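Below you'll find the structure, written out as structure tokens, and then a few comments.
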Amino acid sequence: MDKLEQHIDRLQSKLQELVKQYQTLQKVNAQQQELINKLKTQEENNLKKIKLLEEQQYILKSAAGQLTSTDKKAFEQTINKYIKEIDKCIAMLSE
């Protein structure tokens with residue numbers, strides 16, 4: 001019986017260790033997930049800032065008359081996109 005009890009005690013201690021390791025890993029996983037979400041949000045904000053700065057660059061180049069043909073096309077597409085959005089807003093307000 002002693003051997004059986006010792007074996008059971010060892011199994012219990014190993015199970016307790018595994019449970020502690022599992023809990024630790026769960027905490028680490030949660031921290032990593034928070035970090036991932038934070039970095040994704042930061043990346044989205046950075047992409048928005050980049051887009052805004054590019055638009056400002058097109059506006060400055062346009063005002064200075066220094067747009068290349070590709071820049072001019074991209075700028076016109078952006079302006080047309082804004083005009084379409086404004087038209088949609090006006091149409092919705094008119095309803």
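State yes or no: is Gln33 part of a helix (DSSP H, G or I), of a type outside the set (Gly, Ala, Ser) and modelled with pLDDT under 95?
On the way: part of a helix (DSSP H, G or I): yes; of a type outside the set (Gly, Ala, Ser): yes; modelled with pLDDT under 95: no.
So Gln33 fails the test.
Could you please find all residues in region 52-95 being over 29 Å from the mean Cα position of the chain (by Cα), of a type in the set (Ser, Thr, Tyr) and surrounded by 10 or more Cβ atoms within 10 Å (Cβ to Cβ)?
If the condition is that a residue be over 29 Å from the mean Cα position of the chain (by Cα), of a type in the set (Ser, Thr, Tyr) and surrounded by 10 or more Cβ atoms within 10 Å (Cβ to Cβ), then Ser62 is the only one that fits.
If we scan region 78-95, do we find a residue that is in a helix (DSSP H, G or I), of a type in the set (Lys, Arg) and in contact with an Asp or Glu (Cβ under 8 Å, 6 or more places away or on another chain)? Reasoning before the result, please.
Our first condition is that a residue be in a helix (DSSP H, G or I); within region 78-95, this holds for 78-94.
Still in the list and also of a type in the set (Lys, Arg): 81, 84, 88.
Filter again for in contact with an Asp or Glu (Cβ under 8 Å, 6 or more places away or on another chain), leaving none.
Checking region 78-95: not a single residue is in a helix (DSSP H, G or I), of a type in the set (Lys, Arg) and in contact with an Asp or Glu (Cβ under 8 Å, 6 or more places away or on another chain).
Pairs needed: first member in region 28-51, free of Cβ contacts under 8 Å to residues at least 40 places away in the same chain and surrounded by 10 or more Cβ atoms within 10 Å (Cβ to Cβ); second member anywhere, in a helix (DSSP H, G or I) and not basic (Lys, Arg); C-beta distance under 6 Å; at least 6 residues apart or different chains.
none
The values are calculated or read from the model by the stated rules, or taken from the named source; none is laboratory data. Treat the numbers as computed from the prediction; the structure is a model and nothing was measured. Backbone-built Cβ (ideal geometry, glycine too); neighbour counts: all protein chains shown.
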